[in-house]
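Asks: Here it is, the structure, as structure tokens.
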Amino acid sequence: MPFSIREFEALARDRLPRYVYDFMAGGADDEVTVRANENAFARLRLLPRVLRGRPKRDLGITLFGDEITMPVVLSPTAFHRLADPEGELATARAAARAGTVMIASMASTASIGDIAKAGGADLALWFQAYIQSDTGITRTLVRRAEDAGCRALVVTVDSPVFGWRERDHRNGFHHLPVGWHCENMRDLTGDGGVLDIEMVADLSWDHIDQLVAMTDLPVVLKGVLHPDDAVTAVDHGVRGLLVSNHGGRQLDTAIATIDAVADIAAVVDVPVLVDGGVRRGTDVVKALAFGARAVGVGRPVLWGLAARGEDGVTEVLELLRAEIDRALALTGCASAHEVARDLVREDRC
Ligand SMILES: Cc1cc2nc3c(=O)[nH]c(=O)nc-3n(C[C@H](O)[C@H](O)[C@H](O)COP(=O)(O)O)c2cc1C
């Protein structure tokens, strides 16, 4: 079994067709932000405490009333069937077993209803949506998420247009293999066909108001990087924030997310999550120190899925759990709640 997420990536790379690996690993333009997300974690150094008598650690946290077993959720990623034939169903089973949140992508190759069934009652399932220009379609998607028992709605707002993903253009990857679809977009046309997901460039806070009014589920904004936007979001009824630059796949040279999270956590009192470049338990501890409630992982889940299917996802999550536990022990913390801001030093490497 691989000993690290990096080793899972190497396995996945060996197993996947080139165009699929590139789609997953790649980002926008020169991929500066893809690299920056990881590098920014490495640049931060920990200042551990000793002799605090902490025999055991409790990794659990609460999100919208649900207790999850570690401060790691599965960020939404498209098209899991590209990684494994079982696709999102395998991911859902692994997330349920790990006792954490899966944020299912609107661009999944299984419907949200089928993902919910696969995960079963134990899975805290959230649904990620892109607001569509036809409000009726957005409303149908929200209802489907509610009917599937989703616990929160994540709205991605960093994608008014697609980022320029050069690897995909070079590989000619623009469509799913024949017969595969974004299953959540099925039956949304009059003739029962499958619609493409639309990126809507004129989205504004009015759309967020509309969405918040549409559902009782907590709405989480994904893709916020500026603290002023975070404050505005909360004013508009948003109940959580996922600080993200889409894994460096949208605006290249956008700030690394770990560099954005502290300023946002300081100005809002809703749960703040952060994703992008989390590859080690120590990364998670750094995010907690900066005020995040939890982190999201995108590519690591895909590497696990591509390398070893459902078991691979489980192994990736359990690797992270063990690393977080060890990092807490080595920094003198008994729980996620004990991770204090002064555990991280930016100025002294
Ligand atoms: C292959 C791939 C597909 C993605 N698809 C989506 C998506 O459908 N919706 C979305 O909001 N974010 C999507 N993302 C972004 C992730 O949710 C997340 O922000 C990012 O992967 C986090 O960075 P990490 O991969 O370094 O953990 C995708 C990312 C990847 C790598």
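The values are calculated or read from the model by the stated rules, or taken from the named source; none is laboratory data. Just so you know, these numbers come straight off a predicted model, no measurement behind them. Note: ideal-geometry Cβ built from the backbone for every residue, glycine included; neighbour counts use all protein chains shown. All accessible areas refer to the heavy atoms of the entire protein, side chains included, with ligands and DNA or RNA removed. Shrake-Rupley method; radii C 1.70, N 1.55, O 1.52, S 1.80 Å.
Asks: Check residue 104 against each of (1) of a type outside the set (Lys, Arg); (2) more than 16 Å from the ligand (Cβ to nearest atom); (3) in contact with a strand residue (DSSP E or B) (Cβ under 7 Å, 6 or more places away or on another chain) and name the one condition it does not meet.
Replies: Of the numbered conditions (1) of a type outside the set (Lys, Arg); (2) more than 16 Å from the ligand (Cβ to nearest atom); (3) in contact with a strand residue (DSSP E or B) (Cβ under 7 Å, 6 or more places away or on another chain), the odd one out for residue 104 is (2).
Asks: Do any residues in the range 320-349 that are in contact (Cβ under 8 Å) with a residue 24 or more places away in the chain and closer than 17 Å to residue 67 by Cβ have Cβ atoms under 9 Å from those of residues that are charged (D, E, K, R) and open to solvent by less than 20 Å² (accessible area, probe 1.4 Å), where the two are at least six apart or on different chains, and which pairs are they?
Replies: none
Asks: Residues of the range 253-302 being farther than 17 Å from residue 60 by Cα, of a type in the set (D, E, K, R), assigned to a loop (DSSP other than H, G, I, E, B) and away from the ligand (no atom under 14 Å from the Cβ), which ones?
Replies: 269
To keep it simple, each residue is scored yes or no on (1) within 15 Å of the ligand (Cβ to nearest atom); (2) in contact with a Pro (Cβ under 7 Å, 6 or more places away or on another chain).
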site: 112; (1), (2): yes, no
site: 126; (1), (2): yes, no
site: 133; (1), (2): no, no
site: 152; (1), (2): yes, yes
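Asks: Also, quick follow-up: Test residue 98 against the criterion of being of a type in the set (Gly, Ala, Ser) and under 24 Å from residue 293 (Cβ atoms), and give yes or no. Before the answer, list the steps.
Replies: On the way: of a type in the set (Gly, Ala, Ser): yes; under 24 Å from residue 293 (Cβ atoms): yes.
Against the criterion (of a type in the set (Gly, Ala, Ser) and under 24 Å from residue 293 (Cβ atoms)), residue 98 qualifies.
Asks: Quick one: in the range 1-55, of everything that is open to solvent by less than 30 Å² (accessible area, probe 1.4 Å) and more than 14 Å from the ligand (Cβ to nearest atom), which residue is farthest from residue 162 (Cα to Cα)?
Replies: Going through the qualifying residues, I end up with 2.
Asks: Which pairs do you get when a residue that is in contact (Cβ under 8 Å) with a residue 12 or more places away in the chain, found in the range 1-17, comes within reach of a residue that is open to solvent by less than 100 Å² (accessible area, probe 1.4 Å) and of a type in the set (Val, Ile, Thr), reach meaning Cβ atoms under 6 angstrom, with the pair 6+ apart or on two chains?
Replies: Matching pairs, first to second residue: 8/316.
Asks: Quick one: which of 302, 288 is open to solvent by less than 30 Å² (accessible area, probe 1.4 Å) and closer than 20 Å to residue 47 by Cα? Outline the logic, then answer.
Replies: Working: 302 fails: closer than 20 Å to residue 47 by Cα.
The conditions single out 288.
Asks: Moving to a separate point now. Please state which of the following conditions residue 119 fails to meet, knowing it meets all the rest: (1) over 25 Å from residue 304 (Cβ atoms); (2) touching a residue at least 24 places away in the same chain (Cβ under 8 Å); (3) not hydrophobic (A, V, I, L, M, F, W, C).
Replies: (1)
Asks: Name the one entry in 139, 186 that is of a type in the set (Lys, Arg), away from the ligand (no atom under 14 Å from the Cβ) and under 18 Å from residue 114 (Cα atoms).
Replies: Details: 139 fails: under 18 Å from residue 114 (Cα atoms).
The unique qualifying residue is 186.
Asks: Right, something else. Which of the residues that make up the range 305-349 are open to solvent by 10 Å² or more (accessible area, probe 1.4 Å), closer than 20 Å to residue 274 by Cβ and not in a helix (DSSP H, G or I)?
Replies: Hits for the range 305-349 are 335, 339, 340, 345, 346.
Asks: Among 200, 238, which is the only one that is in contact (Cβ under 8 Å) with a residue 60 or more places away in the chain, within 16 Å of the ligand (Cβ to nearest atom) and touching a Pro at 6+ places or on another chain (Cβ under 9 Å)? Outline the logic, then answer.
Replies: Working: 238 fails: in contact (Cβ under 8 Å) with a residue 60 or more places away in the chain.
The match here is 200.
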